[in-house]
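*Asks:* Submitted below is the structure of interest, expressed as C-alpha cells.
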Amino acid sequence: MTREEFIKTAPLVYKKPTLLNDTPMHYCPGCSHGVVHKLIAEIIEEMGLTERAIGISPVGCAVFAYNYIDIDWIEAAHGRAPAVACAAKRLHPDHLVFTYQGDGDLACIGTAETIHTLNRGDDIAVIFINNAIYGMTGGQMAPTTLMGMKTSTCPYGRQADLHGFPLKLTEIVAQLEGTCYVTRQSVHNVSAINKTKRAIRKAFQNSMEHRGASLVEVVSTCSSGWKTTPVEANQWMEEHMFPFYPLGDLKDNTK
C-alpha cells in the first residue's frame, strides 16, 4: 500500500473543531493560547452548546479569542470580564457563560471583579491564562511574575523590596465560599492537554448545572515576552513556574 492509499483509507483520528474558523491565528510561535482555544472549541461542540455559549474576553492577548472561536462573544473593559459574565449569566441562566483572561487582566486590573464575582458564586467559568507577564503590551512585570524573573519593567529581576511578591490568585479564589471548582493545569504536553480539557469541561458543566463559580488556571508560556524559543519556554516553565504554581485541583465540591 502506498502512502497516498493509506491516507485515503486510514480512519480519521483528528480534525479541526468546527467552531474554530479559518482565520489565521496571530499568536507567537509556542504560545499556549492557540491550544486552549482549540480545547474550548472542542468542548463546546462536544457538549452541544454552540448556540448557547457566551464568551467574555477583555483586553490583552486574550481579547482576540472572538476572532477564532465561532460563538457569541462580549467584549469587556480591562479586568471587568467577570462582572460582565455575571450579568450575562443572570440574563441567560440556561447558557454557558465563561471568561477568557490573562494574568495581567484577571490578577491585577480586575482583581476586585474576579474575587467578588467568584465569591458571590455566580454560575460562570473563568479560564485564566497565566504566563507571568504582560505579553501583549511589551513584556512588563505582572502580579504573577516570579521572584528574580526579568521583564521590561524589572530588567534586573523581580525583587520583594521593590515589587512585592507574586500573587497566587488561584489559591485565594479556592478559599471563597462561592467557588465550587478551582484547578491549575497546563498544556505543555499531550498528557497535560488532556487534563486541561477535562478541567475546562468540568467547569463548563458546573456553569450549566448552576453549581457555583469555577476557575481553571492554565500555567502558560510567553516565548516572546520571556525572550526564549518555544522549546526553551516550555523547559523554563517546567523548571520555574511549576514549582511555584503547582498543577492539580485546589478545590472540587462537585464530587
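*Asks:* Under a 5 Å amide H to amide H cut-off, with H placed in plane at 1.01 Å, what residues pair with ASP72 once short-range neighbours are removed?
*Replies:* Hits under the 5 Å cutoff: ALA53, GLY55.
*Asks:* Name the long-range amide H neighbours of ARG211: under 5 Å, sequence gap of 5 or more, or other chain; modelled H, no Pro or chain starts.
*Replies:* none
*Asks:* Right, something else. Under 1.5 on a/c is rounded, so check that first for region 157-201, then, if it is not, pick prolate when a/b is larger than b/c and oblate when it is not; a ≥ b ≥ c are the square roots of the alpha carbon gyration tensor eigenvalues.
*Replies:* Taking the square roots of the gyration eigenvalues as a ≥ b ≥ c, region 157-201 is oblate.
*Asks:* Output wanted: per-residue J couplings in Hz (rounded whole) for region 218-226, from phi through Karplus 6.51 cos²θ - 1.76 cosθ + 1.60, θ = phi - 60°, x for Gly and Pro.
*Replies:* Here the 3J(HN,Hα) series is 10, 5, 10, 10, 9, 4, 5, x, 7 Hz.
*Asks:* So for ASP105, ASP122, ASP161, ASP249, fewest C-beta neighbours within 10 Å to most, what's the order?
*Replies:* The order, fewest Cβ neighbours first, is ASP161, ASP249, ASP122, ASP105.
*Asks:* Further, regarding this structure: Helix-derived [θ] at 222 nm for the chain: sum -39500 (n - 2.57) over DSSP H runs of at least 4, divide by residue count, nearest 500?
*Replies:* That comes out to -9000 deg cm²/dmol.
*Asks:* Just round it to a whole percent: the fraction of Cα-Cα distances in region 168-224 exceeding 16 Å.
*Replies:* Value for region 168-224 (Cα pairs over 16 Å): 47 percent.
*Asks:* Shifting gears a bit: By Kyte-Doolittle mean hydropathy of at least 0.0 and Cα axial length of at least 18 Å, which whole DSSP H helices of the chain are selected?
*Replies:* Once both thresholds are applied, what remains is 33-46.
*Asks:* When a/c reaches 1.5 or more, the comparison of a/b and b/c decides; with that in mind, is the chain rounded, prolate or oblate per its Cα gyration tensor?
*Replies:* oblate
*Asks:* For region 41-161, report the translational diffusion coefficient in µm²/s to the nearest whole number, using Stokes-Einstein at 25 °C, 0.890 mPa s, and a Kirkwood Rh over Cα pairs.
*Replies:* In µm²/s, the coefficient rounds to 163.
*Asks:* Need the full-extension length gain, LEU167 to THR9, defined as separation in residues times 0.36 nm minus the C-alpha distance. One decimal, nm.
*Replies:* Working: separation 158, 0.36 × 158 = 56.88 nm, distance 5.20 nm.
Extending this stretch completely gives an extra 51.7 nm.
*Asks:* Say a site is exposed when it is one of the GluC sites (Glu not before Pro), sits in a DSSP loop, and has at most 13 other Cβ atoms within 10 Å; what is then the longest site-free stretch of the chain?
*Replies:* After excluding every exposed loop site, the longest remaining stretch is 1-176.
*Asks:* Sticking with this structure for a sec: Run the numbers for GLU239 and SER152: contour at 0.36 nm per residue of separation, minus the present Cα-Cα distance, in nm.
*Replies:* Taking GLU239 through SER152 to full extension adds about 29.2 nm, to one decimal.
*Asks:* Per residue of region 61-73, in order, report the coupling 6.51 cos²θ - 1.76 cosθ + 1.60 (Karplus, θ = phi - 60°) as ³J(HN,Hα) in whole Hz, putting x for Gly and Pro.
*Replies:* Couplings: 4, 5, 4, 7, 4, 5, 6, 10, 9, 8, 10, 6, 10 Hz.
*Asks:* Between VAL218 and residues 5 or more places away or on another chain, which pairs have amide H atoms under 5 Å apart, with H built 1.01 Å from N, and which residues are they?
*Replies:* Residues meeting the criterion, in which the H sits 1.01 Å from N, are PHE128, ILE129, ASN130, GLN185.
*Asks:* On a C-alpha basis, how far is the centre of region 70-121 from the centre of region 233-252 in Å? Whole number, if you could?
*Replies:* If you average the Cα positions of each part, the centres end up 24 Å apart.
*Asks:* Tell me, what HN-Hα J-couplings in whole Hz come from the Karplus equation 6.51 cos²θ - 1.76 cosθ + 1.60 at θ = phi - 60° for each residue of region 145-151, using x for Gly and Pro?
*Replies:* Rounded to whole hertz, the list is 4, 6, 4, x, 6, 8, 9.
Taken together, the values in this text are just the output of simple stated rules run on the coordinates, not laboratory data. What you see is a predicted model; the values in this text were computed from it and never measured. Every residue, glycine among them, receives a Cβ derived from its backbone with ideal geometry; neighbour counts consider all protein chains shown.
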